[in-house]
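Everything below concerns the one structure shown next.
The values are calculated or read from the model by the stated rules, or taken from the named source; none is laboratory data. Keep in mind it's a predicted model, so treat the numbers as computed, not measured. In this analysis, Cβ positions are derived from the backbone assuming ideal geometry, glycine residues included, and neighbour counts consider all displayed protein chains. These area figures cover heavy atoms from the full protein model, side chains too; ligands, DNA and RNA do not enter into them. Shrake-Rupley method; radii C 1.70, N 1.55, O 1.52, S 1.80 Å.
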Amino acid sequence: MSLKRYDAAQVTIVLANLLIDSGFADGEFLTIEQDAPIYEKVVGTDGQVSRSRTNNSAAKITMKLAQTSDGNTLLGALVNIGILAANGADIGPMLVRDRVSGTCLYTAGNCWVSEWPTVSYDNKVTMRNWTLECDDLVRVDTGS
């Protein structure tokens, strides 16, 4: 049996060629969730089961950053570019990779920030939850 390793500091996140590599929330800092299942099942009256492929590879990604993270500046600038410029200037490729194992990989050719994070202030550092959307997530899930 071999030793498995993981290091959260070795997770690379790139959106529209902007590297987000620090300032992550303590604990869970990234979630990737498919919009739809791969297959949908239909069971007929007689019990026959059929499945159909959804062909929906869209996904939602939530990135949790400390309010002090430089990533907030980068993502905020990207949102403003999309608002101020025409033709989807804020849409770009996305990459998430675990550099320790090198085998967990999530990519999309088209990804964008879908909404501003909720902002709160406290007597300690708070978090900003950025919601990203992509239309064509390709994923390689492995044990790392």
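So, taking all protein chains as they sit and a 1.4 Å probe, how much accessible area belongs to LYS4, in Å² rounded to tens?
Solvent-accessible area, nearest 10 Å²: 140 Å².
Given R₀ = 22 Å, what would the calculated FRET efficiency be for ASN17 paired with ASN55, taking r from the Cβ atoms and rounding to 0.05?
Details: r = 28 Å, r/R0 = 1.28.
Efficiency computed from Cβ-Cβ geometry: 0.20.
What is the Å³ per residue value for the convex hull set by the Cα atoms of the chain?
Spelled out: Cα convex hull of the chain, divided by residues, is 171 Å³.
Which listed residue (ILE81, PHE29, ALA66) has the Cα farthest towards the positive end of the charge dipole for the chain, taking +1 on Lys and Arg C-beta and -1 on Asp and Glu C-beta about the Cα centre?
Selected residue: PHE29.
What is the percent carbon and sulfur in the accessible area of the chain, measuring with a 1.4 Å probe over the protein chains and ignoring ligands? Before the final figure, lay out each step's value.
On the way: 4560 of 8990 Å².
Looking at the chain in its full context, I get 51 percent from C and S.
Given a Förster distance of 22 Å, report the FRET efficiency between ASN123 and ASP70 from their Cβ-Cβ distance, rounded to the nearest 0.05.
After rounding, the FRET efficiency stands at 0.45.
Which Cys residues of the chain have no other Cys Cβ less than 4.7 Å away and so no disulfide-compatible partner by this rule?
Lone cysteines by the Cβ rule: CYS104.
Rounded to the nearest 500, what is the 222 nm mean residue ellipticity of the chain from helices alone, with -39500 (n - 2.57) per DSSP H run of 4+ residues and division by all residues?
Here the helix-only value at 222 nm equals -3500 deg cm²/dmol.
Just order 50-58, 15-23 by mean Cβ neighbour count inside 10 Å, highest at the front, would you?
Sorting 50-58, 15-23 by mean packing, highest first, produces 15-23, 50-58.
Counting Lys and Arg as +1 and Asp and Glu as -1, each charge on the Cβ, what is the dipole of the chain about the Cα centre in debye, to the nearest 20?
320
Pairs of Cα atoms under 8 Å, at least six residues apart: use those to get the relative contact order of the chain, whole percent.
Dividing the mean separation by the residue count of the chain yields 28 percent.
What FRET efficiency would be calculated for the residue pair THR62, LYS4, taking the C-beta separation as r and a Förster radius of 30 Å, to the nearest 0.05?
About 0.75, to the nearest 0.05.
Could you give the spread of the C-alpha atoms of segment 7-47 along their three principal axes, from largest to smallest, in whole angstroms?
Extents along the principal axes, in whole Å: 55, 25, 14.
State in Å² the accessible area per residue of segment 1-124; use a 1.4 Å probe, count heavy atoms of protein chains only, and round to the nearest integer.
Ligands and nucleic acids excluded, the result is 65 Å² per residue.
May I ask for the angle, rounded to the nearest 10°, between helix 70-84 and the longest principal axis of the chain, with both axes built from Cα atoms and the value confined to 0 to 90°?
The angle comes out near 70 degrees.
Please state, as a whole number in µm²/s, the translational diffusion coefficient that the Stokes-Einstein equation yields for segment 32-85 at 10 °C and 1.306 mPa s, with Rh defined as the Kirkwood radius across alpha carbon pairs.
Values: Rh = 14.9 Å.
In µm²/s, the coefficient is 106.
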